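To start, the structure itself, in structure tokens.
What follows is calculated from the coordinates using simple rules that are stated; it is not laboratory data. Since the structure is predicted, the reported quantities are computational estimates derived from the model, not experimental observations. Methodologically, a virtual Cβ is constructed for each residue, glycine included, from the backbone with ideal geometry; neighbour enumeration extends over all protein chains shown.
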Amino acid sequence: MSGRVIVITSGKGGVGKTTTSANIGTALAKAGNKVVLIDTDIGLRNLDLLLGLENRIVYTIVDVVEERCKLKQALVKDKKNPNLSLLAAAQTRDKSAVSQEQLKDICEKLKKDNDFILVDCPAGIEQGFQNAVAGASEAIVVTTPEMSAIRDADRIIGLLAAREEIESYKLLLNRVRPNLIATNDMMSVEDVVELLACDLIGIIPEDTGIISSTNKGDPIVNDEKSLAGQAYRNVARRIMGEEVEFLNLEEDKNIIGKIKNFFEKTIKEIKAKI
Amino acid sequence: MSFFTDFYNKVFSFFKPQENVESNVKDVARSRLKLVLMQDRTNLTPKILEQMRGELIDLLSKYVELDKELLELNFEQEGDQVALMLSIPVIRAKDEKEIEEAIKKDALLKGIKLADDEDEPDETSEESEVTSENGEEITQTAEEGESVSGEENQESAADNNEEQAAVENEQTESSDNESSPEAV
Amino acid sequence: MDNGSIENGFIVDLSNAKNTSQLIYELSSILDLPEARNKKICLKLGDTDLNQSQLLSIKALIDSMQGEIGLIDTASEQTKAAAENLSILVSELKNEIDVDTEQTTTPEEIDTVLGIVTTVDENNEETQGDIPLTPIADFSEVAEAGGLVLNGDSKYVMMDTTGILPDDQKNHEENPETLPTLYLNRTLRSGQTISYEGNIFIVGDVHPGSELIAKGDITVWGILGGIAHAGAHGNVNAKVRALKLNAIQLRIAGLYARRNDTYNVPYVQKSNEFTPEVAVLENNSIVIYKKLRRDE
């Protein structure tokens, strides 16, 4: 078996990298894949909390690198899904504790008996980012429809594009709020895609359920009713190669927005004909 | 057709006051971001970009009547290549006479300027260096300006309207071949 | 002096008090502590002279604070005479004697508790905000009072570490008291580690995400929310103590316990009332003893 190594990155912090990692990882594992999540945010780890595994960690990636334990010993099995395991970051060290080569090496080893290795990248473009990207051949760039997040995502896309090892990179648009888009207070999905000129792999609506799922340590993909959970499950299916339509998030668009949209479209068509 | 546009305007003049204030949030964000991303991607300063935009307008308006406000200058990334995209709404193509006049006037102006101010040409040449790292050049200096082809318009006015075709036809005669709106 | 003992005694040392009003003030603040309720109060009065009416008001004070006067230890003849008139037992007070008579106590825990005796500080203004340290009931009493809490019931479950920890881990028995102790007065925050070849004693909270690793015991005078590993070299006699044991993981020698997933109490829970807890190794599992108050 040779697994795919996908890095989940964003540049800006707080856009939902870790949430995305936890959810895509869980969704892939639920679909029957063997998945390892690697938290590379050494010193500021959080992935363990989102998965509710913080009380089970004995060894971390730093212990593996410094040969205090074997890689296998450091993998923490998920509570619900035996297909999913976590390689936690050390909380009491910093980014310099692991090198690019070491991370690459770990990814290579994990590839042998896993379908997917998801690398949760720290914010920023410094060593932590360089490390996380080192072993990956695919990337998911997480962003939100906000100026700062988009700008940082653009920077990241530029850096990823410059790396030969990265064969593909896709955009995941997080925290989309259809009601704000309808009133033109938020950039639309199309706007962001156009600005960043990058293929989409998913659109995740803002969902307050994310907060409680984080607090419970149970990723929202496990909630069958949640729209965000559905969106993450769709992302997982797309990663697995399925063609899945993007969720229609604009149903609750207000009536004025609808009328305006209709007219604007028509006007565009007319103009084009003149 | 006009019935439709009228209707649209009538209906939406009703919403306009509100629209002007609020609906622009997204557009403001979009255009701000466009500019910022362009700078980030190319390392060009806003000043240089503004200058480039100005010169492009000057240059192109010799041949066509443009909607200057709506000219869009954008760098787009495709793979590891950055392309300069120009989008210029063309109001009307100029006829040959007008073009000749404009060129003469321009040459005259530039001549005076050159005598007056020596910094100016330096800056422009520097700029074309920056934007032409990958061989293809954007030519904007006064002398070369004459040789700009319709090709540029083709790129720029791409999605606008059929006038563009006319412009292209007219301009091919006077064109040399070297300019293209792409730079890396 | 007879070598008798007072059951359920509570020693209050007032021998440093300069005058009666200071003495009364100190006494009342100590009696205010929940630990002092329903106890036989043993007063160390030093050489302070008290007349009969003063002693009577002290007795009344103790009564009003749900206590009972047990005995007094005084060097003053006047006080002794007054006490005899009021039929209050006068005796020489020795911590050791009191303690040894408590048969169910394990020596180590008693020492921990009994090293601490209240002293009246001369700079009263400065220390007024602090709670005076008083000898409190030892953990053995707790077990009697039904305060025994086994793991599995609540906060912690043992971790299956087979395949995770090395098999060749060697356990040994060693008295942690023979090791040196690192004393710290600070808050330990996420990402900070303290590792020491001996005992660690921290006055302050230990936040989640931090780590304490000691060759001997770990004692936290505050909330323990991080990972604590006592007896890290395999000493099965090591213990973890805290005013509140909230650790994400408790490790003693080669045995690991983790917080129960269903135990939904925040890691850091501020509260004015604490129930000190101690985690020890018993029968190959980590057992937590909780000290409950008498009136609970």
Peptide ranges A:118-125, C:178-185, C:55-62 listed from the most packed, as the mean C-beta count within 10 angstrom indicates: A:118-125, C:55-62, C:178-185
Cross-link table A:Lys34/C:Lys170; A:Lys34/C:Lys155; C:Lys39/C:Lys244; A:Lys79/A:Lys111; A:Lys216/C:Lys215; A:Lys72/C:Lys170, entries beyond 28 Å C-alpha to C-alpha: A:Lys34/C:Lys170; A:Lys34/C:Lys155; A:Lys216/C:Lys215
Three-way shape label, region A:75-225, alpha-carbon gyration tensor, a/c 1.5: oblate
Amide H within-cut-off set for A:Lys170, under 5 Å, with H built and near neighbours excluded: A:Ala139, A:Ile140, A:Val141
Evaluated over chain A, the Cα radius of gyration and Dmax, each in Å: 19.4, 73
Estimated inter-spin distance, A:Thr208 and A:Asp185, nm [label 7 Å along Cα→Cβ]: 1.5
Most fluctuating residue given options A:Glu67, A:Glu138, A:Glu108, as computed from a GNM of chain A linking Cα atoms under 10 Å: A:Glu67
Under 5 Å, built H, 5+ apart or other chain: amide partners of A:Arg175: A:Ile204, A:Glu206
Cα gyration tensor, region A:36-126 - rounded (a/c under 1.5), prolate or oblate: rounded
Relative packing of peptides A:153-163, C:81-91 - highest average C-beta neighbours within 10 Å first: A:153-163, C:81-91
Residue order, fewest to most surrounding Cβ atoms within 10 angstrom, among C:Lys44, A:Lys112: A:Lys112, C:Lys44
Theoretical FRET efficiency, 1/(1+(r/R0)^6), r = Cβ-Cβ of C:Ser190 and C:Ala75, R0 35 Å, to 0.05: 0.10
Order by protection proxy (mean Cβ within 10 Å, highest first), peptides A:88-100, B:87-99: A:88-100, B:87-99
Percent RCO, i.e. relative contact order, over region A:4-273, from Cα pairs under 8 Å lying at least 6 residues apart: 24
Global form of region A:144-241, assessed from the alpha-carbon gyration tensor, a/c cut-off 1.5: oblate
Order of B:Glu101, A:Glu243 under a 10 Å beta carbon neighbour criterion, fewest first: A:Glu243, B:Glu101
Computed over region A:77-191: relative contact order in percent, which uses C-alpha pairs under 8 Å that are six or more apart: 20
C:Ile24-B:Ser31 pseudo-label distance in nm [points 7 Å out on the Cα-to-Cβ vector]: 8.2
Other protein chain Cβ atoms within 10 Å, averaged over every residue that makes up C:21-28: 0
